[in-house]
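To start, the structure under review is shown below, and the notes come after it.
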Amino acid sequence: MAMNVKPVPAIDDEINEIRLATAEIINTQILPMEGKLWGWVSDGANASKEAVEEARELRHQIQDRVKKEKLWAPHLPREFGGMGLSFMQHAYMNEVLAYSPGAASLFGVVAPNSGNQKILLKYGTPEQHEKWLKPLTDGTMQSAFSMTEPDNAGSDPRSIQTRAVLDGDEWVINGHKWFTSNGFAAEFYIVMCRTADADGAGDTDKMTQIIVPRKTPGVNIVRGVPVWGKASSHCEIIYDNVRVPKENQLGRTGTGHQAAQDRLGAGRVYHCMNSVGSMWRAFDLMVERAMTREVHGGEKLEQKQFIQGFIADSYIDIQAARLMTIHCAEKMETGADPRTDISAIKIFVPEMYHRVVDRAIQVWGAAGVSGDLPLANMYLSARTLRLADGPDEVHRILIAKNILRRYHAGETWDFGN
Ligand SMILES: Cc1cc2nc3c(=O)[nH]c(=O)nc-3n(C[C@H](O)[C@H](O)[C@H](O)COP(=O)(O)OP(=O)(O)OC[C@H]3O[C@@H](n4cnc5c(N)ncnc54)[C@H](O)[C@@H]3O)c2cc1C
């Protein structure tokens, strides 16, 4: 089944063209090849050497075409090898890209590298751009973001205890992190540290992000933390007297918390648009199965009211999630304060994603949880999204605080906003 993308009158010609060109590559070169490209369809860990080689070759071919059609790195400006899209354009492109899980990586968008690229772009010096950002964008280097700690609440970044102390021209870092995604492959980590003054005193509440090459002495990867019962590259890492040059710090001392917010704020909108794209895929799969699967009495599933309810409810869930996300993206684009809406979509969209995929799995029966379809992986992603980038409860608290602040100031909520 192919993705059905048509020009949308409400969006500009340029982004319509980009969406059509993206869909064309996904429909012709990625969807028919998913079985060969990604482990969730093929035999994963047991894939033969030839299959791994073939997948690599296929990926290169697709990436070459993506670059030729100037669809590479939608999240980066043109001068850094990207497409130079506006916020809205990028969001709309993500919806199409996420139809095939993993496709974004063939268009140069790979988490956590893409988030790190944005941080390097905004906070990095020209030297850091040359040394770290350029190879990250070329795809010749990998990176990771190391903030969460096992002994402190990740949902409260102020609780982080990893410390960096200046000693001459070097930062000396000590701490314990986990869930540093891509930790094995990354050549460097961006590490969130509580930074003190040169003598170890001063305002230690300040956070600073520091670039740490993985091979620096004292960087000890304890393990990849298994996730959902499978081995993973979300690494547990001990930083034991790790020394890096002072110039590896990103931005001014004390800007680490703001940099993390910059990374997550916009990222949440893009993640939600990804979820919407994946929901459309789950929806297509569900409807397709309902139209073809015969059950008791020779009737098709589509003739059963339970299943019709699944289809109708999923349509409502996707449209609600999509419109909320677009509304939030529009606020970002126009410079209005998007914080309440970012929290709202961060809660609502993964819940809808979870519901839609859950129904699609139900309709497919055993095949729904098999590795022959993307649904099982989507289901796990949807669940994980409810705790990553700030758990639901924290965002609910933020929404209520923002609203109450206005009412305490004598204002009511602006319905049109
Ligand atoms: C697959 C995956 C990949 C990840 N990748 C990265 C990465 O690359 N780099 C990185 O640094 N981190 C990463 N993380 C970590 C992620 O950002 C954290 O898990 C998240 O921030 C939550 O922190 P925590 O796990 O410490 O949960 P905690 O902060 O301990 O929270 C646990 C639960 O407590 C509840 N809770 C928390 N605060 C409140 C409150 N104020 N009121 C009521 N209830 C509350 C919520 O239900 C929450 O789910 C990843 C996580 C996963 C699952």
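The values are calculated or read from the model by the stated rules, or taken from the named source; none is laboratory data. These numbers come from a predicted model, not from an experiment. Cβ sites come from the backbone with ideal geometry, for glycine too, and all protein chains shown count toward neighbours.
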**Message:** Can you find, within region 222-242, the residue that is farthest from the ligand (Cβ to nearest atom) among those that are outside any loop (DSSP other than H, G, I, E, B) and surrounded by fewer than 17 Cβ atoms within 10 Å (Cβ to Cβ)?
**Reply:** Asn241
**Prompt:** Before we move on, is Ser105 among the hydroxyl-bearing types (Ser, Thr, Tyr), farther than 30 Å from Arg252 by Cα and out of contact with any strand residue (DSSP E or B) (no Cβ under 9 Å at 6 or more places or on another chain)?
**Reply:** yes
**Fill in**
For Arg158, the lone unmet condition from (1) buried (at least 16 other Cβ atoms within 10 Å of the Cβ); (2) within 14 Å of the ligand (Cβ to nearest atom); (3) basic (Lys, Arg) is (1)
**Item:** Single unsatisfied condition, Thr125 versus (1) within 20 Å of Ala259 (Cα to Cα); (2) modelled with pLDDT of 95 or more; (3) touching a strand residue (DSSP E or B) at 6+ places or on another chain (Cβ under 7 Å); (4) away from the ligand (no atom under 12 Å from the Cβ)
**Value:** (3)
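Condition check ((1) in contact with a helix residue (DSSP H, G or I) (Cβ under 9 Å, 6 or more places away or on another chain); (2) over 25 Å from Val109 (Cβ atoms); (3) not assigned by TED's automatic domain parsing to the domain that holds Lys331) across all residues:
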site	(1), (2), (3)
Val219	no, yes, yes
Gly224	no, no, yes
Gly229	no, yes, yes
Ile237	no, no, yes
Arg268	yes, no, no
Met273	yes, no, no
**Prompt:** Which residues, taken from region 375-398, are touching a helix residue (DSSP H, G or I) at 6+ places or on another chain (Cβ under 7 Å) and either surrounded by 20 or more Cβ atoms within 10 Å (Cβ to Cβ) or over 17 Å from Lys230 (Cα atoms) (or both)?
**Reply:** Leu375, Met378, Tyr379, Ala382, Leu385, Arg386, Asp389, Gly390, Asp392, His395, Arg396, Leu398
**Request:** Report whether or not Ala153 is within 28 Å of the chain's Cα centre (by Cα) and free of Cβ contacts under 8 Å to residues at least 24 places away in the same chain.
**Result:** yes
**Message:** Being within 11 Å of the ligand (Cβ to nearest atom), aromatic (Phe, Trp, Tyr), touching a residue at least 12 places away in the same chain (Cβ under 8 Å) and under 30 Å from Thr22 (Cα atoms) is true for just one of Phe107, Phe145, Phe179, Phe87. Which residue is that?
**Reply:** Phe145
**Asked** Within region 215-232, how many residues turn out to be at pLDDT 95 or above and touching a Gly at 6+ places or on another chain (Cβ under 8 Å)?
**Response** 2
**Request:** Go through Asp389, Asp341 for me and flag whichever is touching a Lys or Arg at 6+ places or on another chain (Cβ under 9 Å), at pLDDT 95 or above and within 24 Å of Cys328 (Cα to Cα).
**Result:** Asp341
